[in-house]
Amino acid sequence: MESTATDKKTEHLRALPGDDVRQIMWRFEDRFDLQMLVQSVRAVARGPVARLVAQGARNTHEWTPEKESLIQHFDESGVTALPLEPSEGGFIEGPKNLPMALVALELAWVDAGSATSAMVGCLALSPIHERGTPEQRAYYMSRCAPAQPGEDRRPWRGAFCLTEPIPYVGVETGLLGGKVRVAEWQEGQEPILHVDKRGRFITNMGFANFVTAAVDTDDPRIKGSCMVVLEETDPGLFDRGIPTRKLVHQLSSTRDPIFSLRIPAARIIGGYTVKDGVIVPNFSHGEIIEAVFRRTRVGVALLTAAKLLSAVEPVIRYQRGRFRGGATAAPGSPRYDLGLQLKEDVIHRLVDVWATGEAAASLGFEAARIFDVLDPLEQQKDEVLAARGIRGGTAAFKAMRQVQKHAIAYVEGKRPELAEDTLVRFALADSLANVLCPACKLWDTGHGANMMREAVSLMGGYGITEDCPGFLGYKWMDAQLEATYEGPESVQRRQLSITMTDDLFLAQYREWIREMRLIANFHPGTGACALASAMQMWLWTLQHLLKAKDADGARLYQGARQGVTFPLADALGWLLAARSLILDVLELEKKGPAHPTVSEGLAGLMAFYTDLCHVQSARAAGEVGRICASLVHGYNRHPAWDTEGCASCYQSDDLEAIESLIPGIASLARGYTDVVEADGSHPPKAGPCVRFDGLEQFARLRSRMDGCLTGSQLAKDRAAEALTKVMIPEALDYPA
Ligand SMILES: Cc1cc2nc3c(=O)[nH]c(=O)nc-3n(C[C@H](O)[C@H](O)[C@H](O)COP(=O)(O)OP(=O)(O)OC[C@H]3O[C@@H](n4cnc5c(N)ncnc54)[C@H](O)[C@@H]3O)c2cc1C
């Protein structure tokens with residue numbers, strides 16, 4: 001993958017990566033069904049969706065007939081039926097996380113509100129899909145399936161209602177204001193429940209026929225919380241509420257509904273049992289939303305990844321054409337051909353935007369794939385446990401703890417015979433999914449939103465107008481919603497702070513460090529070396545913080561200390577994204593040569609992608625170094641400040657140098673700190689700022705990592721140069 005200087009001269013990136021490249025990198029080159037799905041969704045995104053945005057449909061938060069017309073397009077393109085099994089009216093057999101992720105990316109390439117509209121139907125069905133009874137599944141899935149040819153039926157639309165008016169559910173999902181109580185319960189009959197629930201910011205609410213809603217008990221005859229299905233024809237109040245005056249995702253419908261309805265107890269999602277005259281739901285609302293969000297958050301991550309990748313082409317076009325037509329840029333001159341691209345900073349920044357988009361997509365798709373692996377394993381695991389007479393509860397928990405130990409032994413190469421063990425395979429995938437999902441939601445949307453600002457800024461004033469090609473200004477705002485809904489960053493950080501300390505995850509993580517070192521041997525140009533060193537530093541820091549105490553003797557790594565756990569979660573996001581990108585680029589290197597269209601121009605493509613990896617790895621290493629250093633050092637108290645200021649940190653030589661810049665500073669500093677003995681010597685200093693076990697180790701890791709950054713700016717220079725040469729189409733393929 002390392003190119004020689006001569007190669008670099010002859011081979012450069014010819015064109016922007018097309019579908020064939022994406023299919024290899026995101027691992028669906030052998031899935032014809034998914035390739036067709038991408039094409040049909042793209043036609044909707046770059047056709048009706050793009051036209052609506054261009055016509056100004058985003059200028060109102062009202063749900064207009066024009067916006068409603070998109071739903072029909074979603075039905076026809078297969079998006080609506082996507083979450084369903086073929087037996088329920090769907091068309092894709094098996095797990096659907098990767099297909100959903102591809103749809104999310106494709107729609108958000110143009111407008112993420114349309115993607116939200118399309119995907120919320122899936123979110124509404126998810127509680128039923130994940131935990132519903134077979135009867136509930138059959139009933140709702142079949143009603144949501146688009147009508148078949150010759151069928152005269154409007155498919156049902158759903159909404160998912162968790163968030164409530166202040167002061168109830170937001171990030172804290174346990175604070176439920178929605179209530180359920182028994183309205184009527186006749187001997188031998190199914191109980192009738194009364195549900196009172198108000199929602200805040202509920203998507204699809206302008207037209208949903210049913211709502212999956214979280215409620216808590218308000219009756220001693222119902223135990224705990226649950227989720228229920230509410231239908232628009234249920235007796236009582238089904239008030240869709242006022243539209244949310246949102247600034248983002250205007251192609252989705254969002255309202256604050258009010259429900260006060262009577263429903264049969266059979267609407268409790270997942271069913272219930274009756275014990276001693278009390279209705280006991282089989283699943284609490286918390287258990288259901290955990291299973292739901294775990295999967296759907298991956299799609300949200302890809303909404304932001306799509307925005308960043310979609311920004312590349314319009315920005316290049318803008319940069320190149322910036323000075324054309326004026327007196328100072330004659331056709332054929334560099335100013336005419338390259339325009340703003342003559343300026344290093346703008347192309348360097350675009351490299352950063354592109355690298356972030358690639359890494360965000362790579363991480364998101366890796367997460368989607370792991371859920372595709374996990375879904376069938378989850379079911380198989382339950383079957384294996386059931387065959388051993390274990391059905392949930394403490395017994396299952398204990399059994400899985402034992403499996404966890406076996407899985408660690410497997411990862412460490414001590415039990416290779418466990419490779420095909422279902423429980424071990426489940427445990428491995430589960431521990432990864434527990435990290436990859438919150439990591440991609442956190443990093444892709446949070447850091448992605450920041451980088452969208454960069455993309456917008458590269459368009460100058462145009463960036464913040466409605467006319468901006470690629471709708472970049474809208475996308476910047478939209479990214480902030482993606483960082484917020486389905487759990488803001490704090491929710492992902494909180495979850496990561498637990499799952500990233502899991503021993504089985506860490507065992508796999510150690511292997512990943514080894515893997516990156518190996519890759520660094522053969523492909524140093526990817527920056528895998530810097531990444532491996534940064535991964536090692538993160539692990540060292542985590543282990544240090546898990547044991548360490550602050551200057552006042554308080555434990556550092558604990559739930560309440562978000563100042564410790566949250567930045568470390570952020571740091572992991574950087575590492576995982578850079579790693580996923582390297583792995584995808586290696587996949588391209590492996591499969592590209594055999595591919596008829598990709599093989600042509602592969603050398604230039606690989607050289608470019610290798611440089612992008614390097615740029616991203618170096619940036620990740622920089623972030624991780626900054627975060628780890630501030631956590632490792634930041635909770636110690638300076639040993640000398642109380643008595644002599646930061647005397648220990650300067651050398652006398654430094655002071656002289658500073659004196660030349662700020663006259664008088666040296667004598668001032670000495671007046672406070674520098675005691676000169678009668679013989680002119682300085683007394684021993686208090687020592688370095690920090691003293692703790694392992695300081696030298698950390699310092700070694702840091703300096704090693706800094707050294708690993710060698711060449712990363714050269715990689716950025718090369719990638720930037722490629723941006724000046726790459727061919728782009730004459731015009732965007734959707735309206736501006
Ligand atoms: C357009 C739109 C569509 C939406 N669609 C839906 C939908 O279909 N269904 C649905 O149920 N909801 C929906 N939501 C709601 C969305 O999921 C919530 O807004 C989101 O989960 C955050 O809740 P909140 O607004 O109450 O923020 P808050 O909970 O008030 O949080 C405010 C801030 O405080 C931080 N914070 C809060 N608690 C903590 C903590 N413990 N630790 C650290 N920081 C914390 C948060 O990170 C955030 O930065 C939608 C929202 C919007 C804007």
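Among 23, 199, 94, whose Cα sits farthest toward the positive end of the charge dipole of the chain (+1 at Cβ of Lys/Arg, -1 at Cβ of Asp/Glu, about the Cα centre)?
Projecting each Cα onto the dipole axis, the largest value belongs to 199.
Which order do the peptides 235-243, 172-180, 150-158 take when ranked by the mean count of other beta-carbon atoms within 10 Å per residue, highest first?
172-180, 235-243, 150-158
I need the Debye-formula profile for the chain: one equal scatterer per C-alpha, no solvent, reported as log10 I(q)/I(0) at q = 0.06, 0.09 1/Å, two decimals.
Cα-only, vacuum Debye calculation for the chain: -0.41, -0.89.
Counting alpha carbon pairs within less than 8 Å and at least 6 residues apart, what relative contact order, in whole percent, applies to the chain?
After rounding, I find 15 percent.
What residue among 346, 387, 560 has its Cα farthest toward the positive end of the dipole of the chain, where the charges are +1 on Lys, Arg and -1 on Asp, Glu, each on the Cβ?
After comparing all options, I get 560.
Please list 360-369, 617-626, 16-25, 64-73 highest first by mean number of surrounding beta-carbon atoms within 10 Å per residue.
Ranked from most to least packed, the peptides come out as 360-369, 617-626, 16-25, 64-73.
Determine the calculated [θ] at 222 nm for the chain from helices alone, applying -39500 (n - 2.57) to every DSSP H run no shorter than 4 residues and normalising by the residue count; nearest 500 deg cm²/dmol.
My calculation for the chain gives -18000 deg cm²/dmol from helical runs alone.
What's the Kirkwood radius of segment 130-284 in Å, using all Cα pairs?
Over segment 130-284, the inverse of the mean reciprocal pair distance is 16.3 Å.
Mind listing the phi-derived Karplus ³J(HN,Hα) values for segment 150-161, rounded to whole Hz, using 6.51, -1.76 and 1.60 with θ = phi - 60°, and x for any glycine or proline?
x, 8, 9, 7, 8, x, 6, 10, x, 9, 10, 10
Arrange the following residues from fewest to most other Cβ atoms within 10 Å of their Cβ: 140, 557.
Going from least to most buried by this count: 557, 140.
How do 79, 248 line up, fewest other C-beta atoms within 10 Å first?
In increasing order of surrounding Cβ atoms, one gets 248, 79.
Give me the dipole magnitude in Debye, nearest 20, for the chain about the Cα centre, with unit charges on the beta carbon: positive for Lys and Arg, negative for Asp and Glu.
280
Sorting check: for 527-537, 310-320, which peptide has the highest mean count of neighbouring beta carbons within 10 Å, and how do the rest follow?
Listed from highest to lowest mean packing, they are 527-537, 310-320.
On a 32 Å Cα-Cα criterion, which of the cross-link pairs 67/223; 197/275; 275/441; 414/590; 223/381; 405/591 come out too long?
Beyond 32 Å between Cα atoms: 67/223; 275/441; 405/591.
Along the positive direction of the dipole of segment 428-561 (beta-carbon charges: Lys, Arg +1; Asp, Glu -1; about the Cα centre), which of 469, 507, 431 reaches farthest?
Of 469, 507, 431, it is 507.
Amide H of residue 224 versus every other amide H placed in the peptide plane: which residues, excluding those fewer than 5 positions away on the same chain, fall under 5 Å?
Excluding prolines and chain starts, which carry no amide H, the hits are 217.
Just so you know, all these numbers are worked out from the coordinates, no wet-lab data involved. Please read all numbers here as calculations on a predicted model, not as lab measurements. Methodologically, a virtual Cβ is constructed for each residue, glycine included, from the backbone with ideal geometry; neighbour enumeration extends over all protein chains shown.
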